[in-house]
Amino acid sequence: MIDVQRLRILRAVAEHGSFNKAAGALLLTPSAVSQHIAALERGLGHPVAVRSTRGITLTEPGRLLVEAAEAVSAELDRVRHEIDRVTAERPRLTVATFVSGGRRLLPGALARFVAAHPEVELTVLEAEPEEAMPMVRSGAADLALTYHFDGPLPLPPAAALDWLPLMEDPLALVLPPGHRFAGRESIAPAELASDRWVLGCLKTGAYLRRYAERAGFDLRVAASTTDYFFARSLVEAGVGVALIPRVALASADGPGAGTGAGIGAGDGGGDPDGVTVVPVEPPCPARHIGVLSPRRRRPHPHATALAESLAGSVRP
């Protein structure tokens, strides 16, 4: 039997790179940390950490144990949150969401959920994908409306998470008033090599930099933000051009505004006032939007109901 406390200590050693620093973080003596690791190695029958002048290096068994320690820690945190939930006076549901999804897709789903389950105490937390995943793993959020870009969902080993795909959200080029390409049906980003760019997200900024490097031009960045809605305002003001997901461009004034209704994989809901939205020439980059939830032994009925309501917020 592997002692959970010793796994926790090994995880701290791996995180801090030394017995002394791990001991300080755990409020233990370095000798106690060393003894726990030695006892772990004796029970396992293999070394888990190698000391050197450069610090601590984990062996392969040590790395496997650290992965297990992270999974065990996440599961214990999740169970603690689950106990808090089932013993609460009122049912609780916590959902994490990224900003544009929270503004365009979540409100309508929540309205239907609240109408059907008025007894549930809801908490909504803003979280980007890299923040949402550990929140769901630990139980800090019961589910997350989140996304990933092209390629498989980057789930860590033994994550015990489920992914419910909802929709593809293609990125589009957003041009300021009077731009020379405003009448085009589609544009390759390389055609905008001489333009200044407004970056609305670190992830789209990284995509554009990779694209520019492959296409052989220097990306001229006029402004960098972490808010697509602010980026759109800067484009409207003539600061530059931008690459923005369609969901973040959906009209806030038309039918279904704020509910996600009418937002499909290739539908931007019309050009926002003051800017022109033009599709990217294939292959078009896209965000894949979905619901992330922990793999549970017993279904969470309210989390399932909200996931179903979110699925109803987007058309196939």
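Some notes on this structure:
- With R₀ fixed at 35 Å, the C-beta to C-beta distance from Glu121 to Asp150 puts the FRET efficiency at about 0.40.
- Looking at the range 1-154, the DSSP beta bridges with both ends there are about 30 percent antiparallel.
- Projecting the Cα positions of Ala182, Ala14, Ser233 onto the charge dipole of the chain (unit charges on Cβ atoms of Lys, Arg, Asp and Glu, taken about the Cα centre) puts Ala14 furthest along the positive direction.
- Calculated FRET value between Asp162 and Arg220, using beta carbons and R₀ = 45 Å, to 0.05: 0.60
- In degrees, nearest ten, helix 301-311 long axis to first principal axis of the chain (Cα): 30
- Radius 10 Å from Cβ of Ala96, net charge of other residues (Lys, Arg +1; Asp, Glu -1): -4
- Only helical runs count toward this figure. For the chain, summing -39,500 (n - 2.57) over DSSP H runs of n ≥ 4 and dividing by all residues gives -12500 deg cm²/dmol at 222 nm.
- Once exposed loop GluC sites (Glu not before Pro) are cut out (DSSP; at most 16 other Cβ, 10 Å), longest piece of the chain: 186-316
- In order through the range 221-231: 3J(HN,Hα) via Karplus (6.51 cos²θ - 1.76 cosθ + 1.60), integer Hz, x for Gly, Pro: 9, 8, 7, 10, 9, 10, 9, 4, 5, 5, 4
- Between 0 and 90 degrees, the angle of helix 129-138 with respect to the longest Cα principal axis of the chain falls at about 40 degrees.
- For the chain, the share of DSSP beta bridges that are antiparallel, to the nearest 5, is 60%.
- Relative contact order [Cα under 8 Å, 6+ residues apart], the chain, whole percent: 21
- Here's how it looks for Leu143: its modeled amide H is under 5 Å from those of Thr94, Ala96, which are all 5 or more places away or on a different chain.
- Principal-axis tilt of helix 30-44 within the chain, Cα atoms, nearest 10 degrees: 90
- Linear extension gain, Arg80 paired with Val50, 0.36 nm per residue minus alpha-carbon span: 7.4 nm
- Sequence-distant residues sharing a close amide H with Cys201 (under 5 Å, placed H): Thr225
- With R₀ fixed at 22 Å, the C-beta to C-beta distance from Ala190 to Phe229 puts the FRET efficiency at about 0.25.
- Segment Gln5..Ala111, full-extension length gain: 33.8 nm, with 0.36 nm per residue of separation and the alpha-carbon distance subtracted.
- Calculated translational diffusion coefficient of the chain (37 °C, 0.692 mPa s; Stokes-Einstein with Kirkwood radius over alpha-carbon pairs) equals 147 µm²/s.
FYI, it's all coordinate maths here, none of it is from the lab. As the structure is a computational prediction, the values presented were derived from the model and not from experiment. FYI the Cβ positions are ideal-geometry reconstructions off the backbone, even for glycines, and counts take in every protein chain you see.
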